[in-house]
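Chemist: Can you read through this structure? Questions will come right after.
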């Protein structure tokens with residue numbers, strides 16, 4: 001591991017060991033956390049944030065999608081918490097359920113020991129109430145759900161000293177201004193405000209009370225290695241051209257962006273007719289279905305995600321080698337955020353723009369070349385299937401327990417075990433297609449820890 005920066009070395013995080021509500025134990029420094037996350041070193045933006053956030057009451061952090069803004073604000077946030085407090089100390093407001101879940105997972109994975117919970121619309125309120133009985137130190141949530149908890153006094157707000165508005169411009173864009181105004185009005189003891197975005201020039205409303213902020217702008221520091229290519233469709237209906245492009249690209253993961261939910265349905269039906277595995281993602285879907293689409297995309301069950309611009313920002317999906325603009329974005333910002341899903345940080349990527357030959361490109365799409373997609377690759381069958389397990393963290397089940405069940409009882413090799421995603425009340429496991437059904441027969445209605453679990457293909 002490279003030598004640690006003095007700025008980072010000075011940042012230490014108290015590790016809490018929550019055993020019978022007693023907390024004592026060594027300090028866990030940044031180096032340990034990075035080792036746990038398998039990160040060799042912080043990038044310059046993260047270094048700057050870790051150094052400056054503790055020194056300023058108000059910070060605005062601007063950095064492109066995929067550069068690690070969550071870690072950048074989470075490290076100093078954790079360092080500021082009081083290990084003796086049993087109240088909510090930090091509130092993170094986000095524009096979407098997916099971003100709430102993602103940040104919760106990131107902070108949990110840091111292993112600080114502080115309790116963290118995410119609450120959001122579309123999730124059972126009863127689940128929220130159960131989890132909030134044991135008050136978290138860090139609460140993450142969408143403005144609507146947080147406002148509901150505030151109005152019903154489900155926990156004290158008096159001890160919240162740090163508020164993070166992550167992707168704050170998106171929260172304003174999707175109509176959360178009223179809820180955010182009410183929430184911030186109720187936070188009377190705020191000492192630190194942190195705002196993050198991947199977009200410059202967004203006006204910050206007065207109700208945020210952001211006085212003399214320290215601005216960390218890293219939007220122009222990432223050299224894009226994105227290649228934009230035009231794919232011309234001879235017909236106004238671009239489905240066959242899309243198929244031709246996908247067959248040219250071959251077995252690589254990517255996102256097909258549409259403007260409308262109806263367009264997603266049309267593309268999805270067409271791909272189903274061609275036996276091309278994919279998932280869908282849009283704001284009209286149930287939360288459970290959206291979450292499962294992302295899980296199956298992350299673990300390789302689906303190589304394609306057909307999505308609206310909701311997938312362009314702040315959700316936890318792997319970096320793509322390519323994205324496809326099936327429908328032309330209306331605004332430059334949408335184009336930028338979509339493209340931000342590929343060619344992130346130091347990687348290369350391609351953004352394909354599908355256009356009917358009579359269709360005019362927006363002025364913001366420049367420096368493009370026409371793609372030659374005559375060469376067709378061989379599409380291989382999907383390797384992974386996803387299994388659902390009806391037990392999760394609340395049942396004291398760990399990823400190690402799940403791996404043990406599949407390897408010992410399921411009799412599979414370690415390299416046949418794909419990505420495991422552990423949730424509060426369930427888990428998802430990627431398994432080779434060839435053995436998925438036999439594993440269901442072996443493992444369904446068996447015991448995992450002390451719980452009898454159902455196992456089935458999703």
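Chemist: Relative to the present Cα-Cα distance, how much length would full extension add between residue 243 and residue 275 at 0.36 nm per residue of separation?
Modeler: Working it through step by step, the gained length comes to 10.4 nm.
Chemist: Okay, next question. Given points 7 Å out from each Cα along the Cα-Cβ axis, report the residue 35 to residue 288 separation in nanometres with one decimal.
Modeler: 4.2
Chemist: Cut-off 19 Å, label point 7 angstrom out along Cα-to-Cβ of residue 261: give me the residues of region 145-182 whose amide nitrogen falls inside.
Modeler: Flagged as within label range: 174-176.
Chemist: May I ask for the distance between the Cα centers of region 242-308 and region 366-391, given as a whole number of Å?
Modeler: With region 242-308 and region 366-391 each reduced to a Cα centre, they are spaced 10 Å.
Chemist: Among 406, 335, what is the fewest-to-most ranking by other Cβ atoms within 10 Å?
Modeler: 335, 406
Chemist: In what sequence do 179, 206, 32 fall when counting other Cβ within 10 Å, fewest first?
Modeler: Going from sparsest to densest Cβ surroundings: 206, 32, 179.
Chemist: Let me ask something additional. Under a crude label model (7 Å from the Cα following the beta-carbon direction), how far is residue 449 from residue 425 in nanometres?
Modeler: Between residue 449 and residue 425, the simple spin-label model gives 1.5 nm.
Chemist: Now, a different point. Two decimals is fine: what is log10 I(q)/I(0) at q = 0.10, 0.13, 0.17, 0.18 Å⁻¹ for region 338-428, from a Debye sum with one equal scatterer on every Cα and no solvent?
Modeler: Debye curve over Cα of region 338-428, log10 I(q)/I(0) at q = 0.10, 0.13, 0.17, 0.18 Å⁻¹: -0.58, -0.75, -0.88, -0.92.
Chemist: What is the Cα coordinate range of the chain on the first, second and third principal axes, sorted by size from largest, in whole angstrom?
Modeler: Reported extents, whole Å, longest axis first: 65, 57, 48.
Chemist: Ranking request for peptides 108-117, 123-132, 226-235: highest mean number of other beta-carbon atoms within 10 Å first, then the rest in descending order.
Modeler: Going by the mean number of other Cβ atoms within 10 Å, highest first, we get 108-117, 226-235, 123-132.
Chemist: Could you work out how far apart the two model spin labels at residue 393 and residue 202 are, taking each label as a point 7 Å from the Cα in the direction of the beta carbon, and quote it in nm?
Modeler: Computed distance between label sites residue 393 and residue 202 equals 2.6 nm.
Chemist: Compute the FRET efficiency between residue 80 and residue 401 as 1/(1 + (r/R0)^6), taking r as their Cβ-Cβ distance and R0 = 30 Å, and round to the nearest 0.05.
Modeler: About 0.35, to the nearest 0.05.
Chemist: Among 412-423, 187-198, how do they line up by average Cβ neighbours within 10 Å per residue, starting with the highest?
Modeler: Per-residue Cβ counts within 10 Å, averaged per peptide and sorted highest first, yield 187-198, 412-423.
Chemist: May I ask you to sort 356, 384 by Cβ crowding, counting other Cβ atoms within 10 Å and putting the fewest first? Can you show the working numbers first?
Modeler: Details: 356 15, 384 19.
Lowest count first: 356, 384.
Chemist: OK, next. Could you give the length gained on full extension between residue 126 and residue 438, defined as 0.36 nm per residue of separation minus the Cα-Cα distance, in nm?
Modeler: Residue separation times 0.36 nm, minus the Cα-Cα distance, leaves 108.8 nm.
Where a number appears in this text, it was derived from the coordinates with a stated rule and is not lab data. It should be emphasised that the depicted structure is a prediction, and the values quoted were computed from it without experimental measurement. Ideal geometry is used to build each Cβ from the backbone, glycine not excepted, and the neighbour counts take in all protein chains shown.
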